[in-house]
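Bear in mind that the values in this text are calculations on the coordinates, not laboratory data. Predicted model, so just to flag it, every value in this text is computed and none were measured. Methodologically, a virtual Cβ is constructed for each residue, glycine included, from the backbone with ideal geometry; neighbour enumeration extends over all protein chains shown.
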Amino acid sequence: MSEQKFTRRDFLQSACISVGALAASGSGVSALAADNKKDSGNKDGLPSVDVLVIGSGGAGLRAAVAVRKKYPNLSVVVVNKGMPSRNATCMAEGGINGVIDFEHGDSHELHAYDTVKGSDFLGDQDAIIKFVEKATEAIHELDYAGMPFNRQKNNTVARRFAGGAKYERCNYAADKTGSILMHTCLDEAITRGVKFLLDHYLLDVAMDGDKCEGAVLLDMQTGDVTPVLAKAVVLATGGYTRVFFNRTSTPFNASGDGIAAALRAGLAFKDPEMLQFHPTGIRTGGALITEAARGLGGKLINNKGERFMSKYSKRMELAPRDIVARSIETEIRLGNAFGEGMSSYVLLDLTHLSEEQIMNELPQIRHVGLLFDGMDLVKEPIPIRPTAHYSMGGIEIAKFDDMSTHLPGLFAAGETSCASIHGANRLGGNSLTDTTVTGKLAGEGAGEYASKQTGFGSGKHAHELAQKWQAKFKEITSGGTSNEMYDLREEFGKQNWDNMGIYRTGDKLEAHAKSLEEFQAKYDALKIPNPNMTYNTALIDYLEFGNLIMLARCACLGALERKECRGAHFREDYPKRDDVNFLKHSIVTLKDGKPTLAYKDVVITKYPVEERKY
Amino acid sequence: MKIIIERFDGKKKYESTYELRIDEVKGQTLLSLLQYIKRTQDITLNFTAACRMAICGACAVRVNGHSYLACDTKMEELLEEYENPESMRISPLNNFRVITDLVVDWEPSIENLRKVKPTITPKSEFSEKTGCVQTQADVDAIKKQWDCILCGCCASECNKLEADASDYMQPFVFTHAYRAADDSRSKDPMIHLKPAIANGLWNCVHCQECVDRCPKGISSFGDIESLRVMAMKKGLNEGMGPAHAEAFLLDMVEGDGRLNEIKLALRSEGVLANTTKLDIAYNLMKAGKMNPLHIFGGEKIEGHAELVKMVEAARKAEKEGTIK
């Protein structure tokens, strides 16, 4: 389909025709040839696009731009379950890692080593070595695309320290780096002719034989189920830390839709138990206080007035996230914290900074302190506690160079994907790098793949899936009580936090695995008392919740069987790292709807496995 | 208290009223209150939210007619602002198509952003391989505009959009055009400026409501003014808007210091065009808002000499390059 001819209106009209016809004709294959793509294989005339990107955070937008730049003849559509700019990328604060100054001792080797060590040696070194080189390119590309980084005195991009890094290589734009980066990418996508399909929710990935043929979407505005054919699909739907519903820094929509869809399509979920806890979430609600606050000398203080990090790490507050997060939780357990239960906290002290410095470098987090706790960090230390922050695990990537998955035609990028850059613990500043680097690679990979395809898939599977979903929606919107689902979700989040959180034990995880199956059974019986399909947000909440339960079950299985401590995964009953048995990736797939676990070796090329000390 | 929410189910409009105790309201943000209502009273209520910390822009709505970013608005502050009212009315953003309840359609906004090509085309000395060079002062010049989170509060308040949206764009679109045009790395501001002019730059009615309601303290009005100055400097001074601005200055300096509406209209739009506006002029005169005799000039305002001095000093400084 040529880009000129493609408008959203056409797209939607053909989508609606197809779904209407689908409903009318039962098997529904015949009447849809209006699209008349004789050579395309798209016999049903389903809406089609060369590259379909699902998700519009940094990774999705970078992927779309990459296609447009390298393959300008291909059409690209970015799908989002809302307006494109409502995503987790814009919430990133501290900065984006990438060495741009090679004059003062820093190098790609050091960035790679820090990342490998940060990952607790669970990162794949072949991918990481390529990743850090691409990181440098990414900073310059973003600068060239118009991202207004803060600047140093010599007018190059400004940098600061991030946890676990030996040199200042965290490039930043105040403490809104993610927002500014994402808007740079959005502006570029808009300028370069990327089309957006707003208010569409990913239901499933469709296959033609052993190839990806497109996706099935829910048009949230109308309630129509829309099969869309694509030569290549990029999943960039973000992470799944909303499994801890009440205590996470991520947005409400971080429900891992892409990972869940990939699992249902038969792909593997790699290292699902690797969930990062950020040390400094605001006491009330867990919104993020950036690591840059500690990079600028922020001190962590317990109820005895001690700067307690001295007990845990030589690097003090700038130890990696997993270590700082556990140190704070340990202080809470020792009774050295303020408050009680879920509202326990320690203090983060930034009062050594001037108001001017804070307004220049940390204005956003000052705002967060005032908004949620009514406290001004210019004047007083603010209460913080760890908060679930990032999913290291994700869809298993077959090849880092193009971010392809094991399903031909399906690519993944950003937090959705797991190319094993971050292993068991992601370093601060590496997520925006991940989003930018893997987004571009996936876009170029999908573009290349699409340009080699002679036509679209048959649409048969997409069609079948669409029918299945339509029937399901009719059934689940036919009853139930108002707060049943939300009460269940609340309880689900709390139990995940208590049993699959920062400290884990075999007993707790075993019980939790059972309890998650009960959650699944309750969920399967749920109904929503709102049959109106016009932008039915309760239905979206329902679908997201279903994905979260599935992903939590996978994470729980991975955590239960990984009988060691590594990075963010901390087992009190196995307090040491076990390289003999667990220098391996957990690979979880679905068999008859149940998660099953296998392992895969970590790729070690350059950096020998050693004790991880900070 | 009563929370009244304006509803739309895709076919018909109606209202829902939710009774809440004051202790259920206090301590909440407007967003958490909406979530509380959805969770406990009415699962059919639709609104959008994502980050809940004022950075993603998803949850802007109107309270008693004015736009607020719901996650960034504490209920206590609202109660104080409206003097502890018995009820509050929540409605979707104005000047957007409503899809349902508090959910609005963003697609036309994206298409408007597309018109002004919001990404810079960097100068030829820069490259994608090595990036750009920019001073912190040049970053600071556009830093505020980059705080825009596309929440739509400004567009909701815009009087021009409400009167006629056919020849105008959302205020934030102009902010995006300005930050690209004014970026020191940009090769050519015209890329963004020309489509801004073609799509209503001179049609802003100066009400400044957009400035008043922006949760990030951005002045889209100011950015529109800056773009206009840029246009005049680039010689893009043909058409009604620039003539209007010139007429303003002429009145201030060479006239009596009073804005002469009759001359303004005649100078801006020409005599012929104005014959169609006689009815407006008549109404203005009847209401005492315009004196027809002013076409011959009126008394100079107090301090007119100082005003002339100020404008002349500014012109001189501009020539010397001390101000931009």
ask   = Hey, what angle do you get for helix A:460-476 against the long axis of chain A, alpha-carbon based, 0 to 90 degrees rounded to 10?
value = 70 degrees
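Shape of segment B:161-231 from its Cα gyration tensor (a ≥ b ≥ c, root eigenvalues): rounded if a/c is under 1.5, otherwise prolate when a/b > b/c, or oblate? List each step's numbers first, then the result.
Numbers: a/c = 2.20, a/b = 1.33, b/c = 1.65.
It comes out oblate by the Cα gyration axes.
Computed FRET efficiency, Cβ-Cβ of residue B:36 and residue A:521, R0 22 Å: what is it to the nearest 0.05?
Given R0 = 22 Å and the Cβ-Cβ separation, E is 0.20.
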ask   = Where does segment B:64-121 land on Rg(C-alpha)/(2.2 N^0.38 Å)?
value = 1.56
note = Helix A:321-333: inclination vs chain A longest Cα principal axis, degrees, rounded to 10, gives 60 degrees
message = How tilted is helix A:108-118 with respect to the longest principal axis of chain A? Cα atoms for both, answer in degrees (0 to 90, nearest 10).
response = 90 degrees
ask   = Cα centroids of segment A:499-519 and segment A:522-558: how far apart, whole angstrom?
value = 20 Å
request  = Write down the percent of antiparallel bridges among all DSSP beta bridges whose residues are both part of the protein assembly as shown, to the nearest 5.
outcome  = 75 percent
key: Over the protein assembly as shown: Kirkwood hydrodynamic radius from C-alpha pairwise inverse distances, Å   = 29.1 Å
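Looking only at other chains, what is the average number of their beta-carbon atoms within 10 angstrom of each beta-carbon in B:52-63?
Working: counts 8, 13, 5, 16, 14, 5, 8, 2, 0, 0, 0, 0.
Partner-chain Cβ atoms within 10 Å, mean over residues of B:52-63: 6.
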key: Vicinal HN-Hα couplings computed from phi for segment B:65-71 (Karplus, 6.51 cos²θ - 1.76 cosθ + 1.60; Hz; Gly/Pro x)   = x, 10, 7, 9, 7, 4, 6
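Provide a whole-number value for the mean count of partner chain Cβ atoms within 10 Å of the Cβ atoms in peptide A:151-163.
On the way: counts 9, 1, 2, 2, 9, 5, 4, 2, 0, 0, 0, 0, 0.
Per residue, the average neighbour count from other chains is 3.
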note = Reduced to Cα centres, the span from segment A:298-319 to segment A:379-402 in Å works out to 22 Å
inquiry  = Below 16 Å, Cα to Cα, which lysines can residue B:316 reach? Residues fewer than 8 away in the same chain don't count.
reply    = B:233, B:324
ask   = Which longest uninterrupted range of chain A lacks any GluC sites (Glu not before Pro) assigned by DSSP to a loop state (not H, G, I, E or B) and surrounded by at most 11 other Cβ atoms within 10 Å?
value = A:341-609
inquiry  = With θ taken as phi - 60° and the coefficients 6.51, -1.76 and 1.60, list the Karplus ³J(HN,Hα) couplings across segment A:384-395 in order, rounded to whole Hz; mark glycine and proline as x.
reply    = 9, 8, x, 9, 5, 10, 8, 9, 6, x, x, 5
